[in-house]
Amino acid sequence: MTEAQDLCRDIQMKLPDDIWMLDSLERYRRGARFTEDFATMDGSTYVFGVIEIPFSYTEGSFTWGCWVEVSRALHDAYLDAFQTPDADRLSGTGILANSIPGYEDAEKVTVAITFSSERRPIFVLEPGNSLADDQKTGLSLEDHYALDELLFGDDEDEDEEDFEE
């Protein structure tokens, strides 16, 4: 069994689901543009940030790096203030733009966004879903093991299969 210190503590979604699900040609056709922090397609605008889930059994947190759809005005204000002290004065709301494994009831939930000049925006989910519950109460060791299993399966079995003759 995996030791607790070896469990994954960070997952990053590469793009908003609406863009990720398209092949590169369809992304081009639909005018998708994206960096590590901003994305736009079909008139929708997105920002990348983090949902931090504190551990209830130890120091630290599990971090979901994910995308939130925001208004054009908030997107542009953050773009103008990106990595400057002006970002510290920005806040807003958006809609979660990624499906989070193990938290299907959080799909497209509203999030409060706190921007910063020194780090990625922090997303806090509205109550009423399991991800918001974990964000408030923390991730237990048992739930951390279950999440790791959901994300990665049993790597030991896969390794054994790779070497069978």
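The values are calculated or read from the model by the stated rules, or taken from the named source; none is laboratory data. Keep in mind that this is a model prediction, so the values were computed, not measured. Every residue, glycine as well, gets a Cβ built from its backbone with ideal geometry; the counts of neighbours run over all protein chains shown. With ligands, DNA and RNA removed, areas are computed over all heavy atoms of the protein, side chains included. Shrake-Rupley method; radii C 1.70, N 1.55, O 1.52, S 1.80 Å.
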Legend entry - Accessible-area composition of the chain, carbon plus sulfur, in percent [1.4 Å probe]: 48 percent
Legend entry - Highest-fluctuation residue, Val109, Val47, Val68 considered, GNM on the chain with Cα pairs under 10 Å: Val109
Inset, instruction - Choose one answer from Pro121, Pro85, Pro54: the residue with the largest mean-square fluctuation in a GNM of the chain with alpha-carbon springs under 10 Å. - result: Pro85
Legend entry - Kirkwood hydrodynamic radius of the chain, from inverse mean 1/r over distinct Cα pairs, in Å: 17.2 Å
Inset, instruction - Work out the length of the dipole vector of the chain about its Cα centre, built from +1 on the beta-carbon of each Lys and Arg and -1 on the beta-carbon of each Asp and Glu, and round it to the nearest 20 debye. - result: 1860 debye
Legend entry - Cα→Cβ-extended label distance, 7 Å offset, between Asp17 and Ala81, nm: 2.9 nm
Legend entry - Per residue, in Å², the accessible surface of the chain once ligands and nucleic acids are set aside, probe 1.4 Å: 59 Å²
Inset, instruction - Quick one: among Asp148, Asp86, Asp23, which has the greatest mean-square fluctuation in a GNM of the chain with alpha-carbon springs under 10 angstrom? - result: Asp23
